[in-house]
Amino acid sequence: MSISSVQLVSLQIFSCIRASHAQHGLRHDDYQRYRQYCSRRLHRLRKSVDLTHGRGRFVKRPLESQLVRDSRHLMLHLYAAERAWSYAMALKRDTNAKVARPHYRLLNRLRKAAAWSDSLSRLCVARGDARTVLEAEAYSGFMHGNLRLECEKWSEALEQLRITRNIASKLQSMSIPEEVYG
């Protein structure tokens, strides 16, 4: 298959996330409800693109860039990152500052969210259009910035969030007037 015959996939990551946040619990800071929604959404997406993990014994079926033909393939990684992020935010809201163990769990969930956002970014670079690639890079920078903030690596977090802000301002200048990124 030649490079020119590869069809580019488009996904408006920020508008998808914003709509999901508004409709499924984050308007009221209900991270548990949003995480449950992300889990259900992931299950429906896996079934629709035929990437289920089999019945009975778990068989991992990774998504490679050659398999990406539709925006639903990219949404798998997006909602996996969102699920991990919402779990971390629920842990952050519910934990007591004196207890150390939940903080480690929170960091692990943020690491997982950052890893999913990186894999989303790689898939978008391989198969996405220019706007999708920029949005995925901004999303990945945001997740890494959140992780660095929780790890108390302030300068690295500031750098990641600056990169995210710069990409978001580029996206805002490219966008249609009805679409506003903040």
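The values are calculated or read from the model by the stated rules, or taken from the named source; none is laboratory data. Computed from a predicted model, the values in this text were never measured in an experiment. When we count neighbours, we look across all protein chains shown, and the Cβ atoms used for this are built from the backbone with ideal geometry, even at glycine. Heavy atoms of the whole protein, side chains included, go into the accessibility calculation; ligands, DNA and RNA do not. Shrake-Rupley method; radii C 1.70, N 1.55, O 1.52, S 1.80 Å.
Points worth noting:
- Exceeding the 29 Å Cα-Cα cut-off - candidates 92/153; 60/153; 47/112: 60/153
- Residue-normalised accessible area of the chain, given per residue in Å² at a 1.4 Å probe: 60 Å²
- Inter-label distance, nm, simple model (7 Å from Cα along the C-beta direction), residue 23/residue 57: 3.9 nm
- With every protein chain in place, segment 1-121: carbon and sulfur % of accessible area (1.4 Å): 50 percent
- Relative frequency of Cα-Cα separations exceeding 18 Å in segment 87-163, percent: 46 percent
- A Förster radius of 22 Å, combined with the Cβ-Cβ distance separating residue 154 from residue 104, puts the computed FRET efficiency at roughly 0.65.
- Relative protection proxy for 142-151, 14-23, 122-131, from highest mean packing down: 142-151, 122-131, 14-23 (other beta-carbon atoms within 10 angstrom).
- Under-5 Å amide H pairs with residue 128, H placed in peptide plane, nonlocal only: 9
- Take each peptide in 79-89, 105-115, 159-169, 46-56, count the other Cβ atoms within 10 Å of every residue, and average; sorted highest first, the result is 79-89, 105-115, 159-169, 46-56.
- Rg ratio for segment 1-157: its Cα radius of gyration over 2.2 N^0.38 Å, N being its residue count, equals 1.09.
- Estimated purely from DSSP H runs of n ≥ 4, each contributing -39500 (n - 2.57), the mean residue ellipticity at 222 nm for the chain is -23000 deg cm²/dmol once divided by its residues.
- Diffusion constant of segment 1-75 at 4 °C, which comes from Stokes-Einstein with the Kirkwood Cα-pair radius and 1.567 mPa s, µm²/s: 89 µm²/s
- Highest-fluctuation residue, 41, 57, 101 considered, GNM on the chain with Cα pairs under 10 Å: 57
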